[in-house]
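Below: the structure, in structure tokens.
No lab work stands behind these numbers, since they all come straight from the coordinates. This is a predicted model, so every value here is computed, not measured. Here the Cβ positions follow ideal geometry from the backbone for every residue, glycine too, while neighbour counts run over all protein chains shown.
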Amino acid sequence: MTEHFPNAFRETEPVWVHQLPNSKYPRFPSLDHDIETDVCIIGSGIAGISAAYELITGGKRVTLLEAQHVLFGESGRTSGHLSNALDDGYIEIEKRHKPNGAKLAAESHTWAIDRVAHIIRTLDLDCEFRYVPAYRVSKFLPGDLKHEADNKKISKGADYARDAGVDAVFQKGFSVSGWDGDFSQEDAAVFAAQGAFHPTKYLLGVLEWLKAHPNFQCFADTRATGVDEGRNKVIVWTEQGYNITAKDVVEATCIPLQDSSILAEISYCRTYCIAIRVPKGSVEDCLIYDTDDPHKYVCLTACDNKNDYLIVGGCDHKVGHQDSLDRFEILATWACQRFTHAGTVDYHWSGQILEPVDHMAFIGKKEWKMHTYVITGDSGNGLTHGILAGRLVADGIEGRENSWAALYDPSRMTSAA
Ligand SMILES: Cc1cc2nc3c(=O)[nH]c(=O)nc-3n(C[C@H](O)[C@H](O)[C@H](O)COP(=O)(O)OP(=O)(O)OC[C@H]3O[C@@H](n4cnc5c(N)ncnc54)[C@H](O)[C@@H]3O)c2cc1C
């Protein structure tokens, strides 16, 4: 690694540990007896914790199982954008989910951003949440002929997003404050009312509230090895040899636990992030996405009294398609060429994202099951997908209609093959 990384650890760690180290995470016992509950949720990421919150507030008894420690998975390694400016774009979503899928996607992801704001207010959580704008900008420099052509696509994408119900508009001559390097930017699609937050502070805040609730229990270091749905109950088997008997089970394990046709509908990618110091106030507090394929994405989080961290992510590739490129170095160079205040990289990390063939997550009852639910297929928007999954799954279990259910139905089987 070069001069960009004087302080970065060799081991990759996400920037979120800067303010909340793993040692401060709440600890939970491992399972040492058989138990019976209303709902057993497997996996303590944003999907599992959101489902637990919605179900507990709905009056259910909930048992959360985690194979490792809480937030061990991708939710502890995310980049913290809460966005309805969906990665795959409303043009593609509209094509795949006629007639009203784009509207439902926009509505559900907007709901998820507002749901986080609501839960933060209700539980009085301190987790850096703020509404910020998002900007989609061309990867080509102004003056390049391709810049104009790219802008046409960005503008069309903003029109489709607006038709779907997102507050989006293309602004010619709009520049992001703090993007002051030689690789200049000009023109952007502007998406209002996106969210930025400290994801692990938020999730652990919700988890602390759940921990104090009499209807909630959580077991860590407890790996589920199988789920068996019978006539009136579902049994979860664990590595420890103890069972959980539940009325309903939710597999919130990021990658589904058991063989499922869903697995064939998803491709698996690795994405990379760095956190680079910038003086406080030198870069606008916003989310940025460029049009590169794979795209780069940017947001901010607090560092100390003087600095913020500019989180820069991207350079995704399919799992198993790794080449010799140093993706952390590429991200650092990209950031320094655009943000002249960018200093040293203190954190760099990577993780996995799942890309469903038709862009929407799989959330709901597993094929042929009545009481076993699955949440998977984040499509790069796994935070909002996880939050809205909590609502969808709780509505399913509590027998309420939900207008988003068909869009996310795991049995929709829209294989591109
Ligand atoms: C670098 C990076 C940046 C990202 N940035 C964004 C972003 O800005 N915005 C956005 O919306 N999305 C983003 N994503 C995607 C998002 O972070 C994920 O989609 C989301 O966190 C997944 O949440 P989850 O709860 O489904 O899974 P996870 O957080 O992975 O949780 C699953 C949990 O299940 C546990 N588990 C697995 N198997 C078992 C078992 N058999 N028994 C018990 N427990 C088990 C795991 O240990 C894990 O803790 C990003 C992802 C990465 C990697």
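Summary table
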read-out: Residues with amide H under 5 Å from that of G364, placed H, sequence gap 5 or more; value: V374
read-out: Residues of type aspartates and glutamates that K95 reaches as a straight line, Cα spacing below 12 Å, ignoring anything fewer than 8 places off in the same chain; value: D358
read-out: Among H109, I120, L141 the positive-end extreme of the charge dipole of region 101-151 (Cβ point charges); value: H109
read-out: Under 5 Å, built H, 5+ apart or other chain: amide partners of V319; value: Y268, C269, R270
read-out: Three-way shape call for region 128-236 based on the alpha-carbon gyration tensor, with the a/c threshold at 1.5; value: prolate
read-out: Alpha carbon convex hull of the chain, volume per residue in cubic angstrom; value: 143 Å³
read-out: Per-residue [θ]222 nm for the chain (sum of -39500 (n - 2.57) over DSSP H runs n ≥ 4, rounded to 500); value: -8500 deg cm²/dmol
read-out: Over the chain, relative contact order from alpha-carbon pairs under 8 Å, at least 6 apart, %; value: 25 percent
read-out: Sparse-neighbour loop sites [chymotrypsin sites (Phe, Trp or Tyr not before Pro); region 332-417; at most 16 other C-beta within 10 Å; DSSP]; value: W368
read-out: Residue-wise HN-Hα coupling along region 83-91, computed from phi with Karplus coefficients 6.51, -1.76, 1.60 (Hz; x: Gly, Pro); value: 9, 9, 7, 5, 3, 7, x, 6, 5
read-out: Long-range amide H partners of L64 with built H, under 5 Å; value: I41, Q217, C218, F219
read-out: Span-like helix ranges in the chain, DSSP H, alpha carbon extent 24 angstrom or more, Kyte mean at least -1.0; value: 101-123
read-out: Cα-centre dipole for the chain with unit charges at Cβ (Lys and Arg positive, Asp and Glu negative), debye to 20; value: 540 debye
